[in-house]
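Student: This is the structure I want to talk about, given as structure tokens.
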Amino acid sequence: MDSVDTLYQYAWLIPVLPLIGATIVGVGLISYGEATSKLRQPSAALIVSLTGAAMVLSFLIFWSQWQGHAPYQAMFEWASAGDFSIQMGYTIDHLVALMLVVVTTVAFLVMIYTDGYMAHDPGYVRFYAYLSLFSSSMLGLVISPNLLQVYVFWELVGMCSYLLIGFWYNRKPAADACQKAFVTNRVGDFGLLLGILGLFWATGSFDFGVMGDRLTEMVNVGSLPASIAAVFAILVFMGPVAKSAQFPLHVWLPDAMEGPTPISALIHAATMVAAGVFLVARMYPVFEHIPAVMTVIAYTGAFTAFMGATIAITQNDIKKGLAFSTMSQLGYMVMAMGVGAYSAGLFHLMTHAYFKAMLFLGSGSVIHGMEAVVGHDPALAQDMRLMGGLRKYMPVTAITFLIGTLAISGIPPFAGFWSKDEILGATFAVNPALWAVGWLTAGITAFYMFRMYFSTFEGSFRGNDEGIRRDLKRAQLQKMGASLGPGAMNPQELTLDADHDDHGEHGHHAHEPHESPLSMTFPLLALAVPSVLIGLVGTPFANYFEAFIHPPGEVVEALESAEAFDWNEFVLMAGSSVAIAVVGIIISLLMYRTKAIDPKAIAAKIPFLYNLSLNKWYIDDIYEVVFVQGSRKLAKQVLEIDIRIVDGLVNLAGLVTLVTGEGLKYLENGRAQFYALIVFGAVLGLVLLSGVT
């Protein structure tokens, strides 16, 4: 027992270990940049080892919690003034234990993968330092015991995402993407900050459970209007809306694909975007007693799930397709939280983290192989129209990508089936309309994922088709020229080749892609195991996951008896979700594998819907007009006011002072006789004036 207690006393090391690695390498880069940049393998080994140690600690704590150890909390006073006191520290409970395992395992495998993917990149060591700092920030967020400490690490995670998305900062698209992500997340985080301050004003606490109890009591006795409590809660929810890419703050996620692919796997599958769902789970004691807020959460999630899926249908960039898929799956999780399916939402968070991380890493493996053929222009290396037939050249990548595709499509017995089906079943019991949206989204998901798989891995290889390449390059130049003005060159042409001529394994372009090295394929194989099997811990007839992860204050039995489990309901719900997924797969097969249906002909018949999907529901365009151009116009108007009115008044005051000073200087010359003459003249004038009157 003493060893177990010691384990909990040193649990704070889990976020600190990656921080130590980031600090050592970061200080080296700042102080001795050139020398540290050459220590590639030692730097990577240090950071991967420290992350591995954090992962081992996480598994030990998870096993201890699984065996029934009581939750543990260690607190210290961080700041105090009179009666006001702020506590900081760390907490370990079932939810924390689960999240620690998910974050550390994915981070560890992504770091191994990075060695192969970034092998020839000049920023290799800097990338590892950023990865380690990000992992530390996310782990710190997970173990935070109160809302204030969550906010501190929440902002650190946002800062790291800015650094990682804009890692190749000399590419204009990457620089724009990290700014877009940063600004969009600041909008949500401002709402989160206002919500935190409002809840503290109302309840006097940052503790999740205390806030929930006090807020509920205040609303019940009438000392706080329910509408005000709802406003505070929705403001807090704005943080997860931005971080988890929910409508209307979802626009940053697809652009964030400009970062290196390991980042897409870590940030946009398993950690940062999952932080929003995690915070909703942490805030559940506050949210669950405010029906209006739960409704807002449920509908936001459902709409985002549907919108993300419909946009993914027409994406040709393999990473952006996966980005919209991530947005859609996060919508499922948020919808689950909104309808009260707490366990189902977190179950899908766990399963999705593994299979989506594998899919992103698989896409990186594909890009790595394609770069040997088409060069280092992302517009070509990531475009599925240049792929096809890669299964022959990249068998490991292909089989793992297929496993991930089956998992996310909800095909049994893969992990995604059990978690998605549980969400749909719980949603149907609460709101059949939301279930219908989720059910339809499941079919669309299966369609676009198999479209992605068939376009990439089946058929014949199109990478050497000069006609397709020329068309894509021309479209790329036109797009960049339109955004930069007449006669503009594509900045990627100026920077990309210079940056990454050494990125490939060959000094020349090959005619065929190749399988990725072991450092990249091993993480894929490792992630394939949970993608297949981990859903079995949450089957509805033996739901170990729900027994372990359930809302605070509820007691859930581990296993239902055979009589209590309704097989008819399960077969009906699961059968309907699998059926719609199979329909989506068959349509995808007919369009992109057997070519029995021509997708272009369908697109021509429904141009409005096709363009709506292709242009991402025009939301980016609306934001460009309203917020970007609108703010520029407002700034110009403010500048006009500043120049004409503010500066005009100041300049007028200066002019008046100058003129009066110039006039008075002839009167103020320092000669006493002249002053006496003026006095005499004034007196004479007064005498004459009085004589006249």
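The values are calculated or read from the model by the stated rules, or taken from the named source; none is laboratory data. This structure is a prediction, so every number in the text was calculated from the model and none was measured. We place every Cβ from the backbone using ideal geometry, glycine too, and count neighbours over all the protein chains shown. Quick note on the areas: whole protein, heavy atoms, side chains included, nothing else; ligands and nucleic acids left out. Shrake-Rupley method; radii C 1.70, N 1.55, O 1.52, S 1.80 Å.
Yes/no matrix, rows are residues, columns are (1) over 11 Å from the mean Cα position of the chain (by Cα); (2) open to solvent by 40 Å² or more (accessible area, probe 1.4 Å); (3) small (Gly, Ala, Ser):
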position: VAL221; (1), (2), (3): yes, yes, no
position: ALA226; (1), (2), (3): yes, yes, yes
position: ALA229; (1), (2), (3): yes, no, yes
position: ILE234; (1), (2), (3): yes, yes, no
position: PRO240; (1), (2), (3): no, no, no
position: LEU249; (1), (2), (3): no, no, no
position: TRP252; (1), (2), (3): no, no, no
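Student: Continuing with the same structure: Looking at (1) on the phi > 0 side of the Ramachandran plot; (2) open to solvent by less than 40 Å² (accessible area, probe 1.4 Å), find the lone condition where GLY209 falls short.
Tutor: (1)
Student: From the list PHE608, PHE627, which one is surrounded by 10 or more Cβ atoms within 10 Å (Cβ to Cβ) and assigned to a helix (DSSP H, G or I)?
Tutor: Numbers: PHE608 fails: surrounded by 10 or more Cβ atoms within 10 Å (Cβ to Cβ).
Residue meeting the stated conditions: PHE627.
Student: So, one more: Which numbered condition trips up ASN170, out of (1) at pLDDT 90 or above; (2) not in a helix (DSSP H, G or I)?
Tutor: With respect to (1) at pLDDT 90 or above; (2) not in a helix (DSSP H, G or I), ASN170 is out only on (1).
Student: Pairs only if they're at least six apart or on different chains, beta carbon under 6 angstrom, first in the range 270-283 and in contact (Cβ under 8 Å) with a residue 40 or more places away in the chain, second open to solvent by 10 Å² or more (accessible area, probe 1.4 Å); list them, first residue then second.
Tutor: Qualifying pairs under 6 Å: ARG282/PHE208.
Student: For the range 267-287, state whether one or more residues are more than 22 Å from ILE549 (Cα to Cα) and in contact with a helix residue (DSSP H, G or I) (Cβ under 8 Å, 6 or more places away or on another chain).
Tutor: Residues of the range 267-287 that are more than 22 Å from ILE549 (Cα to Cα), as a first pass: 267-268.
Going one step further and asking which of them are in contact with a helix residue (DSSP H, G or I) (Cβ under 8 Å, 6 or more places away or on another chain), we end up with 267-268.
Checking the range 267-287: at least one residue is more than 22 Å from ILE549 (Cα to Cα) and in contact with a helix residue (DSSP H, G or I) (Cβ under 8 Å, 6 or more places away or on another chain).
Student: Now, a different point. For ASP642, all conditions in the list (1) under 37 Å from the mean Cα position of the chain (by Cα); (2) open to solvent by less than 70 Å² (accessible area, probe 1.4 Å) hold save one; what is the number of the exception?
Tutor: (1)
Here is a yes/no grid of residues against (1) over 20 Å from PHE208 (Cβ atoms); (2) open to solvent by less than 40 Å² (accessible area, probe 1.4 Å); (3) free of Cβ contacts under 8 Å to residues at least 60 places away in the same chain:
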{"position": "ALA11", "(1), (2), (3)": "no, yes, no"}
{"position": "VAL27", "(1), (2), (3)": "yes, no, yes"}
{"position": "SER37", "(1), (2), (3)": "yes, no, no"}
{"position": "ALA44", "(1), (2), (3)": "yes, yes, no"}
{"position": "GLY52", "(1), (2), (3)": "yes, yes, yes"}
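Student: Further question on the same structure: Only residues in the range 165-179 that are surrounded by fewer than 19 Cβ atoms within 10 Å (Cβ to Cβ) count as the first member; pair them with residues that are β-branched (Val, Ile, Thr) and assigned to a helix (DSSP H, G or I), Cβ under 8 angstrom, at least 6 apart or cross-chain, and list the lot.
Tutor: ASN170/THR495; LYS172/THR495
This table checks each residue for (1) acidic (Asp, Glu); (2) under 18 Å from MET335 (Cα atoms).
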position: VAL219; (1), (2): no, no
position: LEU249; (1), (2): no, yes
position: GLU258; (1), (2): yes, no
position: THR271; (1), (2): no, no
